[in-house]
Amino acid sequence: MYLLLGCGDVGLAAANKLKESGADVTIVDRDPKRVKWLREMGYNAVEGDFSSQETLGNAEISRAEVILLLTSNYRGTERTLVAIDSLKKRLGIDPVIVARAEDDSEAEELKRLGATEALPTPQILASSVFGKANELELMTREKRLRALLKEVKGKVAIVLQTNPDPDSIACGMALKRYVKTFGLDADLIYGGVIGHPQNRAMVNLFGLELIPAEKAKFDGYSVYALVDVATHANCALPKEIEPTIVIDHHAVPSGEIKARYQDITIVGAASTLLANYIKYAGAELDPPLATALAFGILRDTLNFTRGTTELDFKAFEFLLPKVNSDILTKLHYPAFSPDTLDALSRAIKASKVKGGYLVSNVGEAKDRDAIAYASDYLLRREGVMTTLVYGVVKDTVYVSARTSDVRANIGELLKSTFSDMGSAGGHAAMAGAQIPLKALGKQTDKRSTRAAMDREIGAKFLETVGVVKRRKKSK
């Protein structure tokens with residue numbers, strides 16, 4: 001609930017915009033005529049002095065997640081903040097409080113008195129207040145998570161997405177730092193492999209201790225948190241264990257998520273969300289963590305060219321003063337193994353483009369992450385919006401797909417195309433599949449294997465997206 005204290009012109013405009021968005025709004029004002037008028041307009045309005053604890057109680061402050069204190073009377077604002085502070089302690093509540101200030105010095109004093117945010121009058125226009133709605137919602141969620149963690153005794157398992165990428169790894173680092181603020185220890189656990197050069201560089205440069213899922217003792221934790229992933233389908237958390245916390249930036253049907261705490265906010269990178277958790281909790285932000293989160297944002301938004309929101313830009317701006325530019329450069333341009341360079345070379349030579357879709361067969365590969373890197377790299381090719389690169393590692397065909405097409409969901413596309421042959425899935429812009437080589441039919445040598453891969457993977461994908469005609473099934 002939004003509790004709006006003071007309903008002058010600015011307050012009324014803010015209330016109208018919040019109401020239009022479907023928000024639950026309660027207004028408190030001293031003027032009985034205005035209160036009557038607000039009620040006639042359909043608002044839940046309470047008459048009284050909002051610096052009074054009794055009035056605030058009548059307005060159900062215990063339900064308020066965000067309080068907008070929009071009066072221009074500074075002394076009244078001071079008295080109201082003192083009253084709210086007393087109620088916070090008595091009722092055990094912790095709402096986000098946005099207060100109005102005349103200038104920066106006044107804003108600092110109001111923050112000292114308990115305001116979460118204090119905006120100078122020129123910025124307190126209704127559009128500015130409403131424009132902060134996403135930030136206010138994040139602040140509210142952080143307070144909910146803080147309250148949950150304060151009840152926890154024991155260790156936290158932070159489970160990353162399978163084959164974690166830079167965004168996932170950075171989020172794990174940040175959540176571990178965040179829970180440490182509340183006296184909790186945590187382990188970072190992952191499934192799959194960390195083989196991509198950038199992922200290995202992060203682990204090495206930051207000296208991270210990540211536990212492979214097969215070595216994790218999942219029954220030894222009190223809390224299970226998923227970051228940059230929302231369901232069991234894309235992480236190593238055993239299916240019999242329900243996550244306690246889910247923080248992700250990918251659109252997921254709400255019915256598929258089961259957790260006491262859920263934060264699914266559609267932004268360019270999950271690192272944006274974790275950067276704000278660190279900010280709002282006042283947790284330590286040192287250069288390694290700032291650099292990791294900044295890289296996570298850059299990597300998942302393709303340097304702010306894919307799915308970027310205002311929150312991503314603001315989070316990056318918050319991190320930038322602490323970012324170590326030397327380490328950031330090393331993450332962008334890590335050293336590549338000969339196997340990765342060899343696979344990339346073969347992917348470039350074998351690539352075929354039709355209607356903005358690029359497919360490439362790298363043949364045999366020693367490192368499955370070299371296939372993912374090739375898929376990333378080839379997405380930069382002019383005229384290409386979607387890439388699909390595949391190759392054989394031992395007895396399994398690994399498929400890696402990327403897209404910059406905002407209309408597509410490459411994870412769902414791969415699932416519909418290859419799930420009958422093996423496992424497939426991922427996110428809107430990044431996905432993969434694993435197909436047993438035997439699922440492609442009988443092969444007698446490398447040449448027949450390559451032909452089977454092109455037929456059952458490359459051609460099948462192009463048929464699914466509609467850039468080539470479907471083959472007639474033989475009778």
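The values are calculated or read from the model by the stated rules, or taken from the named source; none is laboratory data. Every value quoted in this text rests on a predicted model; they were computed, and no experiment measured them. Heads up, the Cβs are rebuilt from the backbone with ideal geometry, glycines too, and the neighbour counts pull from every protein chain shown.
Structure values in brief
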quantity	calculated
Residue match in region 439-450 (condition: under 18 Å from R368 (Cβ atoms), in a helix (DSSP H, G or I), out of contact with any Leu (no Cβ under 9 Å at 6 or more places or on another chain) and of a type in the set (A, V, I, L, M))	yes
R380 in the same structural domain as K446 (by TED's automatic domain parsing), part of a strand (DSSP E or B) and at pLDDT below 95	no
Entirely in region 264-373, the helices (runs of 4 or more DSSP H) that have 1 or more residues that are closer than 26 Å to N409 by Cα, touching a strand residue (DSSP E or B) at 6+ places or on another chain (Cβ under 7 Å) and free of Cβ contacts under 8 Å to residues at least 60 places away in the same chain	338-350
Neighbours by Cβ (under 8 Å, 6+ apart or cross-chain): first from region 1-24, within 22 Å of R141 (Cα to Cα); second polar (S, T, N, Q) and in a loop (DSSP other than H, G, I, E, B)	L5/T71
Residue selected from region 401-437 under the condition surrounded by fewer than 23 Cβ atoms within 10 Å (Cβ to Cβ), among the aliphatic types (A, V, I, L, M) and assigned to a loop (DSSP other than H, G, I, E, B), by the criterion farthest from the chain's Cα centre (by Cα)	M421
Leading residue by the ranking (surrounded by the fewest Cβ atoms within 10 Å (Cβ to Cβ)) among those in region 234-261 that are polar (S, T, N, Q) and modelled with pLDDT under 90	S254
Test: residue in region 83-97 that is farther than 30 Å from L148 by Cβ and either in a helix (DSSP H, G or I) or under 35 Å from the mean Cα position of the chain (by Cα) (or both)	no
Residue in region 378-397 that is surrounded by fewer than 20 Cβ atoms within 10 Å (Cβ to Cβ) and polar (S, T, N, Q) present	yes
A230 being buried (at least 18 other Cβ atoms within 10 Å of the Cβ), within 23 Å of the chain's Cα centre (by Cα) and closer than 22 Å to P287 by Cβ	no
D85 over 21 Å from V10 (Cβ atoms), surrounded by fewer than 20 Cβ atoms within 10 Å (Cβ to Cβ) and touching a residue at least 40 places away in the same chain (Cβ under 8 Å)	no
Single residue of region 20-35 satisfying the filter (over 13 Å from A45 (Cα atoms) and not aliphatic (A, V, I, L, M)) that is surrounded by the fewest Cβ atoms within 10 Å (Cβ to Cβ)	G22
The one condition in (1) farther than 30 Å from A269 by Cα; (2) in the same structural domain as G356 (by TED's automatic domain parsing) that R471 fails to fulfil	(2)
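Rundown of residues vs (1) assigned to a loop (DSSP other than H, G, I, E, B); (2) in contact with a Ser or Thr (Cβ under 9 Å, 6 or more places away or on another chain); (3) not aliphatic (A, V, I, L, M), yes/no style:
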| site | (1), (2), (3) |
| --- | --- |
| G22 | yes, no, yes |
| V35 | no, no, no |
| G42 | yes, no, yes |
| S51 | yes, yes, yes |
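To keep it simple, each residue is scored yes or no on (1) closer than 26 Å to K88 by Cα; (2) not small (G, A, S).
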position	(1), (2)
D9	no, yes
L18	yes, yes
A23	yes, no
L38	no, yes
G48	yes, no
S51	yes, no
L56	yes, yes
E60	yes, yes
E65	yes, yes
